[in-house]
Amino acid sequence: MKSAGLAIGIMVGLIIVVFVMKYINRDKKVKSEYDERQQLVRGRSYMYGFWGMAIANVIMLLVGVENMDIIKMLGMNAFFLPLFVGIIVQISHAIFNDGYMAMNNNFARFMVVMGIVSVINLVCGIMPIVRNGFIQNGEVYPTFINLEVGVMFIILCIEMAIKKCIDKKEDAE
């Protein structure tokens, strides 16, 4: 019965993503469109993100060798931290090299959706921690992942706003 609920949840989530993508894109298409230069930047960004994740994994490994208690305390969060590092590296490089926003994206709508995703994840991450504490059974509470995702999307929004300001300043000159 759990697997049926999970499958339904995934399907509903995918349907929501389709509607969100149609909302974000100016042409109401599900697929975002990138020019050749943006595709090259995105490819390089993915490479940097991979290396950021690999380096974060090595750091986690070294920390684990020295102090396994930290890895045990992080629990499943230990697997996600390097992934989030890689994603932030990838996003940061793509944003500041004009490869993140697709040609058909509406910036304001994109920022609204990312803000909503941030708030939802922060609330989902904070509420159980407030009720049950940060550490449960010797491990960081599992909803800490929601906090990480919320912070990651806040970083994305801040970087997008900074890039927008930089572009406006360059256009004015």
Magnitude of the Cβ-charge dipole (Lys and Arg +1, Asp and Glu -1) of the chain about the Cα centre, nearest 20 debye, reported as 580 debye
Based on a Kirkwood Rh over C-alpha pairs, give the Stokes-Einstein translational diffusion coefficient of the range 1-64 at 37 °C and viscosity 0.692 mPa s in µm²/s. 214 µm²/s
Note down the nm distance, to one decimal, between modelled labels 7 Å out along Cα→Cβ at ILE8 and at LYS164. 3.8 nm
Answer with one residue from SER32, VAL12, VAL117: the one whose Cα lies farthest towards the positive end of the charge dipole of the chain, charges on Cβ with Lys, Arg +1 and Asp, Glu -1. VAL12
Multiply the residue gap between ARG44 and PHE107 by 0.36 nm, knock off their C-alpha separation, and tell me the result in nm, one decimal place. 20.4 nm
Rg over Rh of the range 117-169, using C-alpha atoms and the Kirkwood radius, what does it come to? 1.22
In sequence order, calculated HN-Hα J values of the range 23-38 (Karplus, 6.51, -1.76, 1.60; Hz; x Gly/Pro): 5, 5, 7, 4, 8, 6, 7, 6, 8, 7, 10, 10, 7, 4, 5, 5
Go ahead and estimate [θ] at 222 nm for the chain from helices alone: -39,500 (n - 2.57) per DSSP H run with n ≥ 4, summed, over the residue count, rounded to 500. -27500 deg cm²/dmol
Report, to two decimal places, the Cα Rg of the range 83-173 normalised by 2.2 N^0.38 Å (N = number of residues). 1.32
Give me the accessible area of ARG26, 1.4 Å probe, in Å² rounded to the nearest 10. 140 Å²
Put TYR48, TYR100 in order of accessible area, largest first, 1.4 Å probe: what do you get? TYR48, TYR100
Once normalised by the length of the chain, the mean sequence separation of its alpha carbon contacts under 8 Å that are 6 or more apart gives a contact order in percent of 25 percent
Can you send over the carbon and sulfur percentage of the accessible area for the chain, probe radius 1.4 Å, protein chains only? 72 percent
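The values are calculated or read from the model by the stated rules, or taken from the named source; none is laboratory data. Predicted, not measured: the structure shown is a model, and the values here were computed from it. All Cβ positions, even for glycine, are placed from backbone atoms using ideal geometry, and neighbour counts span all protein chains on display. Only protein heavy atoms, including side chains, enter the accessible area calculation; ligands, DNA and RNA are left aside. Shrake-Rupley method; radii C 1.70, N 1.55, O 1.52, S 1.80 Å.
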